[in-house]
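The values are calculated or read from the model by the stated rules, or taken from the named source; none is laboratory data. Since the structure is predicted, the reported quantities are computational estimates derived from the model, not experimental observations. Here the Cβ is made from the backbone with ideal geometry for all residues, glycine too, and neighbour counts use every protein chain on show. What goes into the accessible areas is simple: the full protein's heavy atoms, side chains included, and nothing from ligands, DNA or RNA. Shrake-Rupley method; radii C 1.70, N 1.55, O 1.52, S 1.80 Å.
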Amino acid sequence: MDVDNINSDTPQPKTLFNFNNIKIFKNPHILDTGYVPDVLVGRDDEIRAVADIFYPIFIHGTPGHAFIYGPPGAGKTVVLEHVFRQLYLEAESSGNFPDGLNLKHITVSCKKHDTTVRILMYLIAELGYTGKVSKRGVTSGYYYDIFYKALKEKSYSLTIIFDEIDRLRDDNILYNFSRSGELKDLNEGQFIHIIGVSNSGLFINSLDPRVDSSMQRETIIFPPYNEDQLIQILNMRVPLAFYPNVVSEDTVNRCAKEAAEDEGDARRAIYLLQTAGHIAIKTSCYTVQPAHVVLAAQKIKEDISLQFVLNMSYQEKFVLLAMLNTDIYLKKGKYFTTGDVYRIYYDMCKFVGEEEFSLAAISQKVSKFKMMGIVNANTTSKGRGGLTSQIVFIGDPTTLKNAIFKDGKFIRFVTYVPDVKKICSTQIW
């Protein structure tokens, strides 16, 4: 048997990952959210304001608590990391720095750790506590005791950054931490310092008055970036992240324009450019072009819609699809009401033979979608008819509908077309 001939006749597998010849990214980590540049664009005032919080340390005092808020991508996180990096560097070289003061900061994601117990358990782990910690059948006081024990053993003066602080279920932990010094829970000279970060300043209004009084906090507001600042931010990263002559000025400008229209979100601008680069590679292009940015923006919208829908329950998806069908068939792009949605929802239930929920239950779902930023729903008076909500979708609803149909349970609605005349003439409540 001629082995050589057999090998030559055998189909050879195609190369699956053949992107090495397309030189787009030189150092893609420069575009990661965790990258902190040495120079920050358009944030000199905010850097100074955050740095001033820590000024008392250098005169043997305690830093003041603070709340920082501004829209997503306004530089809140990157400014904090920049200031901490400088603080640690200058603390080592400053002759005014108190002897024995051991600074540390820990960021708590309140989206993930939203209760007192979860936060304390996370902090205990971050402090490197090696003792046994019970996870059941104990009160929050048990975790406070272990936390303070670990903190005193490490001798840290600790800044706790509560990211998305508005997601906290209980603000008592802020009160307890802000009073830890006067209650003698720490060693002499130690402190616990709180910084709350939020996309909205409304959280401050919901604080328990005694928490607000105890903290005596400062408030720092971050404005959105404008288009010129976003161009500067991207231009600082392009030569570090990409090979030469890969990204054009038009491409950078397109990313900045898209992000400026979306509340001046720098993260979005950077992510757009990163995604456009990946699309260029996948389409075998050797440069990142404005057209790739357009495709990237569409992909990001679809990804966001998909994540929204994936996290929804079956009934939430059902109601959202009813709203989409109301927009398409009943109102055709005009605002619609909860009553309009309920008519379509009721008809969809009959279409598949499911038992329907009440109008009040549907109204609750609509309110939730408003909080999620999927729709605007403005309440108006109809005189003797009471109050109603005028509902419109924010952005293109097509991506939401496509995401719903990725759930196999909703394939049966692909051919659904409501009889509008029948629906409008039927009394259902």
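Things to note:
- Among beta bridges from DSSP that stay inside the chain, the antiparallel ones total about 30%.
- Interchain or long-range residues, amide H under 5 Å from S248's placed H: V288
- Close Lys pairs in segment 87-183 (alpha-carbon distance under 25 Å; sequence gap of 8 or more, or different chains): 15.
- C-alpha center-to-center spacing [segment 389-429, segment 72-143] in angstrom: 46
- Fully extended contour minus Cα-Cα distance, from K282 to N27, at 0.36 nm per residue: 90.0 nm
- In the assembled protein chains, D208 presents an accessible area of approximately 50 Å² (probe radius 1.4 Å).
- Portion, in percent, of the accessible area of the chain that falls on carbon or sulfur, probe 1.4 Å: 50
- Other-chain or far-sequence residues with amide H under 5 Å of V36's (modelled H): none
- For segment 84-156, the relative contact order works out to 37 percent when only alpha carbon pairs closer than 8 Å and six or more residues apart are counted.
- Rounded to the nearest 0.05, the FRET efficiency derived from the C-beta distance between K421 and N235 at R0 = 60 Å is 0.55.
- Hydrodynamic radius (Kirkwood) for segment 88-238, which is based on Cα pairs only, to one decimal in Å: 17.5
- Ligands, DNA and RNA aside, S93 has an accessible area near 100 Å² when probed at 1.4 Å.
- Proximal lysines to K332, defined as alpha-carbon separation beneath 24 angstrom and excluding residues fewer than eight positions away on the same chain: K301, K317, K350, K365, K368, K370, K382, K401, K406, K421, K422
- Extension gain for T139 to D208 (0.36 nm times residue separation, less C-alpha to C-alpha distance): 22.6 nm.
- For the pair Y243 and D114 in one chain, pulling the backbone fully straight at 0.36 nm per residue adds 42.2 nm over the alpha carbon distance.
- In terms of its C-alpha gyration tensor, segment 206-319 comes out oblate, because a/c is 1.5 or above while a/b does not outweigh b/c.
- Rounded if a/c under 1.5, otherwise prolate or oblate - segment 242-308, Cα gyration tensor axes: oblate
- D99-Y122 pseudo-label distance in nm [points 7 Å out on the Cα-to-Cβ vector]: 3.8
- For Q216 and E92, a Förster radius of 25 Å and the Cβ-Cβ distance give a FRET efficiency of 0.30, rounded to the nearest 0.05.
- Residues listed by number, segment 394-429, amide nitrogen under 12 Å from E356 label point at 7 Å toward C-beta: 423-429
- Taking a ≥ b ≥ c as the square roots of the eigenvalues of the alpha carbon gyration tensor, segment 299-429 is oblate, as a/c is not under 1.5 and a/b does not beat b/c.
- Other-chain or far-sequence residues with amide H under 5 Å of G196's (modelled H): A66, F67, I68, F162
- Accessible area in square angstrom per residue, the chain, 1.4 angstrom probe: 55
- Principal axis analysis of the Cα atoms in segment 302-352 yields extents of 27, 25, 15 Å, listed in decreasing size.
- Labels on offer are [x] -0.71, -0.84, -1.29; [y] -0.52, -0.81, -1.26; [z] -0.40, -0.62, -1.20, and the one holding log10 I(q)/I(0) by the Debye sum over Cα atoms at q = 0.07, 0.09, 0.14 Å⁻¹ computed from this structure is [y].
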